[in-house]
Amino acid sequence: MDCIIAAGGTILPEDPLFPYSHGRPKALIDVAGQTMLERVAQAVGGSRHVDGVIVAGLDESVLAGLQLPLLLAVLPDAGSLVGNMKAALEWRLEQARPGDQILVSTADIPMLTAGVVDAFIDQCRPFDHLVYYNLVTRETMEARFPNSNRTFVRLRDADVAGGDLLLVQSRVVESDEALWNALADARKHAWQAARLVGLGTLLRLLTRRLTVRQVEEAATRVFSAPVRVLLSPHATLAMDADKPEQVELLRRHLTAGN
């Protein structure tokens, strides 16, 4: 299967990460001697299941000298996370790339490893759902990264953070783009995502009566196709770099080799 790495995103001067990016895209922030994009690309490129990598959201000129294994294409920024993903899916169709399953990753989870990628893909078998998404519990995150400063959503059966790796079927390109955009905009704010799928779901979230399985059921209703939500034992799937202290944490862990 191919992997799409969503690498778009401009860091503006007022953004707290601007001193780390030096005006370059967020994916090119250095963490212990390599860019975040390189580390993610090397992880997915090392997976025994991945045949090619598509970087979406960057100008090819900014990637000169980077180590990006299995690189198939670099696609310019389409203006949004969903737009970049859709452009990559359409590129695959135009190129008649084989395989119905596509892995999608953000570019800001630099502690991802090939073994974790393989474990996630194997957890998605038998690949009979439209979308596979993953959540990481607070306990899993804090055991690995005690000071991650991640935002957790309080569900009835767990406090969870969203992972940044998912697996989709190629036909997902036919889904409602407006819905995907709304969900992408709400991905850091769970109550907004819950509002998209109905008042009942929102009320259950606000009163901490919403379960992981109910999240899965609500997503299935919204997409009119089966969606699977997986609980992952791998904290690195959710250890992204949205804040300066998270960049520093990632640098420390990668420098120490742990």
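The values are calculated or read from the model by the stated rules, or taken from the named source; none is laboratory data. Since the model is a prediction, treat every value here as computed from it, not as a measurement. Note that we place each Cβ from the backbone using ideal geometry, even for glycine, and neighbour counts take in every protein chain shown. Side chains are part of the model used for accessible areas, which takes the heavy atoms of the whole protein and leaves out ligands, DNA and RNA. Shrake-Rupley method; radii C 1.70, N 1.55, O 1.52, S 1.80 Å.
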Output the Kirkwood hydrodynamic radius of segment 72-139, Cα pairs only, in Å rounded to one decimal. 14.2
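State the Kirkwood hydrodynamic radius of segment 113-158 in Å, one decimal place, computed from all pairs of distinct Cα atoms. Present the calculation step by step, with values, prior to reporting the outcome.
Values: mean 1/r = 0.0785 Å⁻¹.
It is 12.7 Å.
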Starting at the first residue of segment 37-50, write each ³J(HN,Hα) from the Karplus equation 6.51 cos²θ - 1.76 cosθ + 1.60 with θ = phi - 60°, in whole Hz, x for Gly and Pro. 4, 4, 5, 5, 4, 5, 5, 6, x, x, 5, 6, 9, 9
Alpha-carbon radius of gyration plus Dmax, which is the widest Cα pair, for segment 207-258 in Å: 16.5, 45
Which whole-number percent of Cα pairs in segment 1-90 have a distance greater than 15 Å? 58
What's the local net charge at Cys124, with K and R +1, D and E -1, over the other residues with C-beta under 14 Å away? -3
CD proxy, 222 nm, the chain: helix-only mean residue ellipticity via -39,500 (n - 2.57) per DSSP H run with n ≥ 4, per residue, nearest 500, stands at -10500 deg cm²/dmol
Only Cα pairs under 8 Å and at least 6 apart count here; give the relative contact order of the chain as a rounded whole percent. 22
With a 1.4 Å probe and every protein chain left in place, tell me how much accessible area Arg125 has, in Å² to the nearest 10. 120
Largest-first ellipsoid semi-axes for the chain, taking √(5λ) over the Cα gyration tensor eigenvalues, angstrom: 26, 23, 18
